[in-house]
1. When the convex hull of the C-alpha atoms of the stretch 1-75 is computed, what volume per residue in Å³ does it have?
2. I'd like the Karplus ³J(HN,Hα) series for the stretch 71-76: coefficients 6.51, -1.76, 1.60, θ = phi - 60°, whole numbers in Hz, and an x wherever there's a Gly or Pro.
3. Going 7 Å from the Cα of VAL101 toward and past its Cβ, which residues in the stretch 55-73 have a backbone nitrogen under 19 Å from where you end up?
4. Describe numerically, in nm with one decimal, the distance between label points set 7 Å from Cα along Cα→Cβ at TYR75 and at SER42.
5. With unit charges on the beta carbons (Lys and Arg positive, Asp and Glu negative) and the dipole taken about the Cα centre of the chain, which residue among LEU2, ALA74, THR39 sits farthest to the positive side?
6. From Cα pairs below 8 angstrom and at least 6 apart in sequence, can you work out the relative contact order of the chain, rounded to a whole percent?
7. Given the C-alpha centroids of the stretch 8-28 and the stretch 48-116, what is the distance between them in whole angstrom?
8. Rounded to the nearest 500 deg cm²/dmol, what is the calculated helix-only ellipticity per residue at 222 nm for the chain, with -39500 (n - 2.57) per DSSP H run of length n ≥ 4?
Amino acid sequence: GLFTLLALVTTFWSSTLNLRDIISEQTGLNLKLCWLLATLPSLLIGLSGLGDFLSLTRIVSLVAVFSGLLLILAYDKSRKEAQASPICGRLGTRPFLIIIVIVQVLCTVGSVVTVK
């Protein structure tokens, strides 16, 4: 249990640290204020008792999948404009991106559907 708790804390810490840097870069605000903006909303939701751990992780997984799909669409648009796939090479072609989207949607369905 302690190992799982430490894994969750370090993952949360690294995620909020990255989000802090993004907020600071985009807004130019103080790093401490940006860290508070990155950390406080998720802590308030987690401590508010709005749902149990599993329901909150399902919501987060949906947000992560949506973000991932937007990233894939942005990469595909960039690939088309550049007439090349500089980051992924042959794995960045449209058929491979379609396979990734299908697998991601299947994983999302698997994480949201309750198995009894």
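No lab work stands behind these numbers, since they all come straight from the coordinates. Quantities reported herein were computed from a predicted structural model and do not represent experimental measurements. Glycine also receives a Cβ, built like all others from the backbone with ideal geometry; neighbour counts cover every protein chain displayed.
1. Details: hull volume 8.7 nm³, N = 75.
Cα-based convex hull of the stretch 1-75, divided per residue, equals 116 Å³.
2. 5, 5, 5, 5, 5, 5
3. Flagged as within label range: 62-73.
4. It works out to 2.2 nm between the two label points.
5. ALA74
6. Values: 42 pairs, mean separation 20.9, N = 116.
About 18 percent, as a whole number.
7. Comparing the Cα centres of the stretch 8-28 and the stretch 48-116, I get a distance of 21 Å.
8. Working: 4 runs with 93 residues, N = 116.
Rounded to the nearest 500, the figure is -28000 deg cm²/dmol.
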